[in-house]
Each structure stands twice: as C-alpha cells, then as structure tokens.
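Notes to accompany the following structure.
The values are calculated or read from the model by the stated rules, or taken from the named source; none is laboratory data. Fair warning: this is a prediction, and the values are worked out from it, not measured in the lab. A quick note on method: Cβ atoms are made from the backbone with ideal geometry, for glycine too, and the neighbour counts reach across all protein chains shown. Each accessible area value is taken on the protein alone, full model and side chains, heavy atoms only, with ligands, DNA and RNA left out. Shrake-Rupley method; radii C 1.70, N 1.55, O 1.52, S 1.80 Å.
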There are 4 protein chains.
Amino acid sequence: MNTKRKLRTPFFVVNPKAYLYGEKALSLAQAADALAEKHDIDILFTVQHVDVTKIRQATEHIFITVQHLDGIQVGRGMGYILPEALSEAGVDATFLNHAEHQMELGELVKAIKRSDELGILTIACADSIEEARAIALLSPDVMVCEPTALIGTGQASDDSYKIETNKVVREINPDILMLQAAGISSVKDVEDALLTGADGTGGTSGIVCATDPADIMRQMIEKVVEIKEGQAVK
Amino acid sequence: MNTKRKLRTPFFVVNPKAYLYGEKALSLAQAADALAEKHDIDILFTVQHVDVTKIRQATEHIFITVQHLDGIQVGRGMGYILPEALSEAGVDATFLNHAEHQMELGELVKAIKRSDELGILTIACADSIEEARAIALLSPDVMVCEPTALIGTGQASDDSYKIETNKVVREINPDILMLQAAGISSVKDVEDALLTGADGTGGTSGIVCATDPADIMRQMIEKVVEIKEGQAVK
Amino acid sequence: MNTKRKLRTPFFVVNPKAYLYGEKALSLAQAADALAEKHDIDILFTVQHVDVTKIRQATEHIFITVQHLDGIQVGRGMGYILPEALSEAGVDATFLNHAEHQMELGELVKAIKRSDELGILTIACADSIEEARAIALLSPDVMVCEPTALIGTGQASDDSYKIETNKVVREINPDILMLQAAGISSVKDVEDALLTGADGTGGTSGIVCATDPADIMRQMIEKVVEIKEGQAVK
Amino acid sequence: MNTKRKLRTPFFVVNPKAYLYGEKALSLAQAADALAEKHDIDILFTVQHVDVTKIRQATEHIFITVQHLDGIQVGRGMGYILPEALSEAGVDATFLNHAEHQMELGELVKAIKRSDELGILTIACADSIEEARAIALLSPDVMVCEPTALIGTGQASDDSYKIETNKVVREINPDILMLQAAGISSVKDVEDALLTGADGTGGTSGIVCATDPADIMRQMIEKVVEIKEGQAVK
C-alpha cells in the first residue's frame, strides 16, 4: 500500500481536462515538472487515464492527478476506473464529483474510502455551500468550491463566496486544503485566490486556451512562488 | 488519423474486467501476445485505461482493447475517456454498452461515431434481441449478445439464443462480427460458441478465476486455432 | 389489459413540460379537450404524473400523456414510475428518451415493451439520424426527431432535416407516426411541419410562454384542422 | 406556500414501493388512515405519483408520501417530478436517495431545498455511516440508515448498527427523526426498532408480501401505539 504524498501549500493545479492529451499533455507536464523542481513547489497536473504512464515516466515532481476514479473493488466492474490500477501506475491524486462529472453520494463515499486505502489524495468538488459542508464531513484531502450556477455567466466566484466556502469547510474539518480555481485566467486571479485565503489555485481554459499555455502557466506559478516566499518571510 | 486494424476470424477475447491490473495484467497480456504470434491468430485483450501504455510497449500482436470510452470531443469533459487520447496511445478496440456499464442511446451513437473517426474497433453489447437489432443498425464492428436476464442464474446462453442473435444481427448488417462470450468457462464452451456460428469467443471469470489463468487461456486459444485450421481445410 | 387508443393524423401535441402543473395545467387541458371535441381531432396533452387523475377526471377527448415512464415490473423499484399504475389511472401515452431525459438503450427497450403490454402509446425521441434509425427498429408508435445540437442555437430544424428523418424512419417502419415539434412557435411553423410530411406537430414554449397560451394553442390547432380538412378534400 | 405537517413520534411508515398501485394501494391506504384516526398516531404511506390524487381524496390522516422527487424549478425538465406539482396535489412528504434510486449529491441538495420551500417533509436514505453523517448536515426531516451491503443477505441491521446510526445522526443534528426500517417483517422487529431508540419504523415486503397485508400492518401499528402509550406513562 502506498502512503499519500504530503501536499504543501500554497500549491498550484494545472487541469487540462480533455483539452490536452498525449504528446501535448506530456510536453506541458514536463514544463510544469521543471517549475516544480526549480521553485520547490507542489504542482498537481491532471491527465487522461491513458496518459498516466508516459507522463509518470517523464516527470519526477508533479503530482500525477486523474480527473475521476470509481470506488470499485477488484473484480467485476467492466469499464470503470479501478483505484488499485491507478495506484500501481503511480497516480498521486484524483478529482472527484467535478461539476462535469457529478457522482451519487454513495459512490463518492466509496471513492474517497478506496483512495484513502490506496494512498491517493482526493480533491472533491462542491457546487453549493450546503454541498461543501456535506462533503467536508467525508474528509477529502482537498476541496474545490465552485458555484456551478455561475458557469457560463462569465463571472468568477467573487471574494465573498471564496471566503465563505473556505470558512465553512474549515469549521467542519480544518485539515482540508481549500483550492479556489473558478475562472482563474490571469496572474491577478491567482493572487486574489491566495490572498483571500485559499491553500491552492489553478486553471484550465485560462492556461490551455492561451496562445502560449506554457508561458501563462509559468507566470501563474511564479506568482504562487512569490506569495509563498512572502508568507515565509512573515 | 489511424485506420482500424483488420480483425480476422475466428478471434478470441481475453476480458479481465477489473480482476487484473498492472503487472499481473501485463504478464497475462504477454502470454496472449506470444500465442497470437505463434498461431497467427487475432486476440483482443481488455485492459484498464491506465495500463494501456505499459501493455502496448510490451506487446506487438494483441489488439489492446479498453472496456469503455466516451464519445466526447477534445475540450471540456472532466473525468471522461477521450477517444483521441486512446488512439494516440495505441488502443485498437473498445467495448461499449456492457451490461455492467450501460450507455444512453445517444451516448452510444456518439461513441461509435468517434471511434470510427479515430480507427478504434467497436465491440457493442446487447442484452436482448430487440436491443441487438437496434444496435446492429449503428454498425459497430463486433457485437456481443448476452442475455443479462441469465446473469447470476448459473446458465450460459443456450445454443438457440446464440444462433438467433447471430441471425438477427447478420440480417441487418452482415459485416458485423459476432462474439459469443457468455459463461465461457471451458474449452468445450469455446468449441460450442464457434460451432454454432460465432466469429469469436472469449472469457472473463473462466480465465481470471482459474487456478492457472495462462494455462486455461492457452487451451482455449488452441481450440480456436484448431477450429480455424479445420475451417481452412474445408 | 387496455388496448391502445387509435391515434389519427394529423395530430397535435401540447407539451407543457414542467412549465405548468395543477390548476393551470388543468385549465389548459380543458381548453384543449374542448377543441379536440369541437374539431374531432386528436390532441395529446402532457402532464406531470401527479396531475394525471385530476385532468383525466375533467376531460374526455385528449390523450393524457406522461413525459416519462420506467420499464419496471410490479415489485421493487422505489421512486420509479410503474407502467401498471399509469395504465390503471387512465394514461393514454408516454414520451420516452426526451433530450432532457435520455435513457439507457436497455431501459428504452423495456419501457417500450411494457407500454405495449399495457396499451400505452409510445412517443420516442431521437436526436440524430443514426439514433432515429435504431429507435425505429424498436417500433414505438410515434417518433420525434429533434437535433439536440441545435437546441439553444435559436434555430429550428430546417425542412431538409425534417424530410430526411421522416424518410429514414418510414423506410424502417412505415407504421411509425412522425411528430415534428422542434422550435414550433407560430401558426406558420405548424403549417411547415405538416406540409413537409409530418403526421403531427406541437409545441412547448411557443405555447406556455405566450401571453395567452390558450389562444395561441387554439390558433395552432385550427391550422391543423384546416390542413386535415384540405387533405380530406383531396 | 404550504407549511410542513408536524410529524409526531413514534411514527410508522407503510412503503409499498412498486408492489401496490391503483385500487389496491388505495384500499390499504384507507385501512392505514382508519388506524391513524383511531389511535391518533402518525402514519406515512408511500404511493406512486400517479396515485396521489385518488388517495388524497379518500384519506384524511395519513401523510401522503412520494418515493422520489426532483429538485427542479418550474420550466424545462421533461419527465422529471416537479415539487410544486406535488405540493399543490397535497403531498406531505417524500423519500430521497433510496438505495434503489440513488441521487447525485448536488441533486439531493436541491431536492431537500425545494422540498423545504414547499412544505414537503424529507426522508433521506443513507447506506453507510459516512453517508449518514454527510446527509445529516443537509438537515432532512427524517433519516433512514440501512446498510445496502446487507440487502439480499437475509440479515436485518443488527441493534448495534441501529444504535450507532441513531447516535451519529443526532450528534450532528438532534432535530432529525430516525427511521429504522430495514428488514422489518414482524411485530417483534417493530418493537426492537423502537426500543433501540428509533423515532419511527415501518415496512415494505413484510407487509405487502404477507398473506393479509392489512392485518399485519394493523398488528405492527398497534405495537407502535402500545409503545407510544408506554412512553406516555413514563
């Protein structure tokens, strides 16, 4: 059995969803890996399940993160994502219950339990305050609170929503790390997320849809590093 | 864009579902690969998505087959299985709509279409005569007709069910290859499936739950080879 | 066991989805019922399951239509819609596999079979040509072919899409009645749908979101009557 | 807007699932209604949605309870169960997230919220301790904790599981009423459930599959009455 990697704050998440795969995902993952090493900072990089091995073989520092897993046991379960297989392949973390891939509550419970057994960090998503409180009780390692209601409206979560979700989750379980990553498309958004109290931030379309994804990713990560060093000084 | 590999009959499918993964799956896959080479016969081997790369790197002859994919496009789709990523990783084929992973009809249509675009062979499952007819119209490359109603009853499909589903599907589209793989647990079952007219057969628990999975797999495949050679003689 | 009511063409479908319920649904249903009687024309009216009895008690001519049912048997199935209960309550017809409520293929097969056993007319929805062909093989009584891809684009299906889906379905099973109801918001749209060959048409938001739903419904139905009488003349 | 009916303890739940419908459900509901009046005790009776109106018209005392609703708003939502329609039809309560009808967490949150807005009591099901804790935070009115893992094993929840779930839920929210209803098939089971601390109990197959459902229901309810009166004495 693996033990979970320790995740240090502030951390950064690069989440290419299904925008990148294969060689292009590998290339961006290697750029992220170099930044993680250079700045000694923790970066989670999400990949297609089928790309785990190639990216694991070519990187050392990033947290290889899948975008979903199923809380099944070894046995039947045709077509589902078996946690043991991920663990053996070197996966460090998994997203769960993303707004684009919502889970039945019972499935979410099992997925967190199986990930805990196998040393896979869990990043659970909630799209309302009520859901955030309920999921916090399940003790995932990281939580993301993005109001789905805002998706497509062009609005990011405002500071008060971020501050409230940070507070609500930490009241229930202060060990859960808070990721604020809704609508992060600039270095300024990275700064705002961390300065309002998040433990980590990250991006999807703000990175992969940019003209130069590696460059905007680098700028965002350097901002995280700058804030981390500022915190260290204090 | 890839083109589909040509699948020759009679073929054999090793489907470990979520019983095997990682090193154990790799080891059985290598044994299957050696048999495919030795006998010049087509063998499909299903794997966890995360195991595709390692098994692809270590084998040359087997058809690397995933147990599910989603008919999504490059872009959003957090946590789903992107066909492009599979194709670039060297996946040859996919199961779809297995009784343990049933799909909405609209999703099945998209999954077949995307697989066709990317050169991935499709193996679609139906659990009733009516469903078999409807799916046949969608022109997957291979069909499996297993009556879910019998699952857990200890009965395999009887010959008349196999013969009827073969007939029904071929009337609609004679190019679809028929896989009869329900309850195959002995060499005799392999023989029965092929002699009643299937283009291929295969097994799950009959192989992976055996004392020596590689040995029973070898025996089954040798029976397929024997029948193939008998057909060639005629 | 009930036998299915005979559905005469051209027919009209009033589909308030979840826009109307209770007294307001009842009131519009009564207006539709009066028009069905006055013009001796077949009108299907969709209702919330919980509203079936009140509307059945207050109307005589409309086809009481539910928006979904589940192909379950008497027994377990907590929270699902039992076909026997609908049949005993006087339901005449059901929609199945609507774009807003897509069904697994196996579930759709069972739902059509159970409806046939109980004398409930089936109206099955397809959102692509491929899906339309597959569903046609399942022999529902009525089919609706609306390209989901267009939903939200402000475009109704164009004439060529309507004509092609009518043709494709009738080639497979000429007994299936074709309902063209995508984006019907004016009397002109009703005319276009019927003149391009549909057996029926109808509306949702074009009626329920109008200033005077009963009035626009009446105008649309009078247009259907006019076309019906024109056909009779010929 | 309706206000919720006050639910007094100990209460009893008759849950015919999809075993009964129409006239037979009505008949048993009337028997339950007479017992509720005679003993001045609260009885919840679950019905098919389509049967709500007839049973509401014929009863006065039982809590008309549906087996599921969807947390949707008035508008689109073809085929889903609109809470407003239930409320107007006189529904008193709803089950949610039953093991046979599990819900995505986000859907469960919305369903509880909409029910609260409309005065519908919520009875939420959990199939593990972790799930029970998470759901308790969502503040349904009643909770049922049945370990799905035991279903089909012929075992009812043992006393320790009942006592633990009662405790776990009440620690989070002491206002939630606890229903223990797994495997209740005799008067003795009713007694055990209440004496180990449940606020209510009830049955499905123990009642509807009995030779004389009304008689076993009466015996069970009389036991609840006896325990209630015993509590009043103390």
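Annotations for the structure displayed:
- Of the residues making up segment C:79-95, those that are assigned to a loop (DSSP other than H, G, I, E, B) and on the phi < 0 side of the Ramachandran plot are C:80, C:81, C:82, C:91, C:92.
- Failed item, numbered, when residue C:178 is tested on (1) farther than 21 Å from residue C:206 by Cα; (2) at pLDDT 95 or above: (1)
- For segment C:80-92, the condition of being of a type in the set (Gly, Ala, Ser) and facing another protein chain (nearest Cβ under 7 Å) holds for at least one residue.
- Flag if residue C:98 is at the interface with another protein chain (Cβ under 7 Å from one of its Cβ atoms), part of a loop (DSSP other than H, G, I, E, B) and either of a type outside the set (A, V, I, L, M, F, W, C) or surrounded by fewer than 24 Cβ atoms within 10 Å (Cβ to Cβ) (or both): yes
- Any chance residue B:59 is closer than 22 Å to residue B:201 by Cβ, at pLDDT 95 or above and β-branched (Val, Ile, Thr): yes
- Residue check for residue A:42: touching a helix residue (DSSP H, G or I) at 6+ places or on another chain (Cβ under 8 Å), within 30 Å of residue B:209 (Cβ to Cβ) and either acidic (Asp, Glu) or at pLDDT below 95 (or both): no
- Of the strands (runs of 3 or more DSSP E) contained entirely in segment B:1-78, those carrying at least 3 residues that are under 12 Å from residue B:92 (Cα atoms), open to solvent by less than 10 Å² (accessible area, probe 1.4 Å) and hydrophobic (A, V, I, L, M, F, W, C) fall at B:43-47, B:63-66.
- Residues of segment D:101-113 that are open to solvent by 20 Å² or more (accessible area, probe 1.4 Å) and either in a helix (DSSP H, G or I) or touching a helix residue (DSSP H, G or I) at 6+ places or on another chain (Cβ under 6 Å) (or both): D:102, D:107, D:110, D:113.
- When segment A:53-81 is filtered for residues that are out of contact with any Lys or Arg (no Cβ under 9 Å at 6 or more places or on another chain) and of a type in the set (A, V, I, L, M, F, W, C), the ones remaining, listed by number, are A:55, A:58, A:62, A:66, A:74, A:81.
- Verdict on residue B:156 being modelled with pLDDT under 95 and closer than 24 Å to residue B:19 by Cα: yes
- Residue in segment C:133-148 that is farthest from residue B:107 (Cα to Cα), counting only those that are within 8 Å of chain B (Cβ to nearest Cβ) and open to solvent by 30 Å² or more (accessible area, probe 1.4 Å): C:137
- Among the criteria (1) under 22 Å from residue C:76 (Cα atoms); (2) open to solvent by 30 Å² or more (accessible area, probe 1.4 Å), the one residue D:180 does not fulfil is (2).
- Options A:211, A:196: the member that is surrounded by fewer than 20 Cβ atoms within 10 Å (Cβ to Cβ) and free of Cβ contacts under 8 Å to residues at least 12 places away in the same chain: A:211
- Options D:75, D:71: the member that is within 9 Å of chain C (Cβ to nearest Cβ) and farther than 24 Å from residue D:200 by Cα: D:75
- Verdict on residue A:85 being open to solvent by 50 Å² or more (accessible area, probe 1.4 Å) and either without any contact (Cβ under 8 Å) to a residue 12 or more places away in the chain or among the β-branched types (Val, Ile, Thr) (or both): no
- Here A:94, A:3, A:53, A:9 are screened, and the one residue that is of a type in the set (Val, Ile, Thr), under 26 Å from residue B:73 (Cβ atoms) and over 12 Å from the mean Cα position of the chain (by Cα) is A:53.
- Filtered residues of segment B:21-67 (kept if farther than 25 Å from residue B:81 by Cα and acidic (Asp, Glu)): B:33, B:37, B:40, B:42
- Checking every residue in segment A:150-158 against the condition of being in a helix (DSSP H, G or I), open to solvent by 10 Å² or more (accessible area, probe 1.4 Å) and within 28 Å of residue D:137 (Cα to Cα) gives at least one match.
- Qualifying residue in segment B:114-132 (condition: open to solvent by 10 Å² or more (accessible area, probe 1.4 Å), out of contact with any strand residue (DSSP E or B) (no Cβ under 8 Å at 6 or more places or on another chain), within 11 Å of chain A (Cβ to nearest Cβ) and closer than 27 Å to residue B:220 by Cβ): no
- Residues located in segment D:180-203, provided they are among the hydroxyl-bearing types (Ser, Thr, Tyr) and within 16 Å of residue D:9 (Cβ to Cβ): D:196, D:201
- Among the conditions (1) under 25 Å from residue D:104 (Cβ atoms); (2) within 18 Å of the chain's Cα centre (by Cα); (3) within 13 Å of another protein chain (Cβ to nearest Cβ); (4) touching a residue at least 12 places away in the same chain (Cβ under 8 Å), residue A:44 misses just one, which is (3).
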